[in-house]
Amino acid sequence: MIEKTSTIYNFNQQCIIVTGGAQGIGRAITQRLVASNATVAIWDIDAKASAQMKEQLGRSVETFEADISNEASVSAAMANTIDWSNAVHGLVNSAGIAGPNAPLADYPIDAWRQIMQINVDGTFLTNRAVVPLLQAQGYGRIVNIASVAGKEGNPNASAYSASKAAVIAITKSLGKELAKTDIAVNCVTPAAARTRIFDQMSQEHIDYMLSKIPRARFVELDETAAMVCWLLSSENSFTTGSVFDLSGGRATY
């Protein structure tokens, strides 16, 4: 068996915002970015998890408590990030929720609205906040974390599936808007990963997702982080408005 290797980029102290950067996929991305000589502004609603990341990674990161579904919270986090770093070179919007599992006809309306506020409004607000800064400096990279559910649709997860389809559409639209600049906007569509988001799902739904993955396993956090870090790098100089599959062969397009 060939030993797995990891590509380490040199981000030259570029500042990357990672929402949800203290847990799950966001945490793995933060760790890989720091290993690649980036500074990371973690925007996370979980202050305890953020403090643990700060303790682990030290001066390369700063943490800002942020609710990405709230415009005022996003604006405050952006202002505080600029005060800390003086510049922002990229964004990874990883924060999101799965919500409960239920047939559409029985789906709780409050849960639907919460998922849309965090996953869709949050993507809009964070992208909207960072774009003017990237335009002013003529360079930047944005990566939105979507899901294979946004391409394929999962039964009993209509809200989550719809929200992640919206993330894909926002990415494609913004990528086209900025295509004549050196600002790349892309998204990834991972299969499920073993993170705290599983706590929101029924075991039946988790088993269903696994049964649909030809590789017969869930995606590893480091595998997602590897793809995201390339998309954030200057080496990604042409691709924009694109969707990168990390579904273990599940996605059919």
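Figures for the structure shown
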read-out	value
Residue 117 being open to solvent by 10 Å² or more (accessible area, probe 1.4 Å) and under 19 Å from residue 67 (Cα atoms)	yes
Residue that is surrounded by the fewest Cβ atoms within 10 Å (Cβ to Cβ), among those in segment 145-179 that are among the small types (Gly, Ala, Ser) and touching a Lys or Arg at 6+ places or on another chain (Cβ under 8 Å)	165
Complete set of residues in segment 83-114 that are in contact with a strand residue (DSSP E or B) (Cβ under 9 Å, 6 or more places away or on another chain) and either without any contact (Cβ under 8 Å) to a residue 40 or more places away in the chain or surrounded by fewer than 19 Cβ atoms within 10 Å (Cβ to Cβ) (or both)	84, 85, 86, 87
Segment 120-144 - residue that is in a helix (DSSP H, G or I) and among the polar types (S, T, N, Q) and, of those, most open to solvent (accessible area, probe 1.4 Å)	135
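Yes/no matrix, rows are residues, columns are (1) within 17 Å of residue 152 (Cα to Cα); (2) at pLDDT 90 or above; (3) open to solvent by 20 Å² or more (accessible area, probe 1.4 Å):
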{"position": "187", "(1), (2), (3)": "yes, yes, no"}
{"position": "195", "(1), (2), (3)": "no, no, yes"}
{"position": "207", "(1), (2), (3)": "yes, no, yes"}
{"position": "214", "(1), (2), (3)": "yes, no, yes"}
{"position": "224", "(1), (2), (3)": "no, yes, no"}
{"position": "231", "(1), (2), (3)": "no, yes, no"}
{"position": "241", "(1), (2), (3)": "no, yes, no"}
{"position": "250", "(1), (2), (3)": "yes, no, yes"}
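The values are calculated or read from the model by the stated rules, or taken from the named source; none is laboratory data. This is a predicted model, so every value here is computed, not measured. Please note: Cβ atoms are built from the backbone with ideal geometry, for glycine as well, and neighbour counts cover all protein chains shown. Heavy atoms of the whole protein, side chains included, go into the accessibility calculation; ligands, DNA and RNA do not. Shrake-Rupley method; radii C 1.70, N 1.55, O 1.52, S 1.80 Å.
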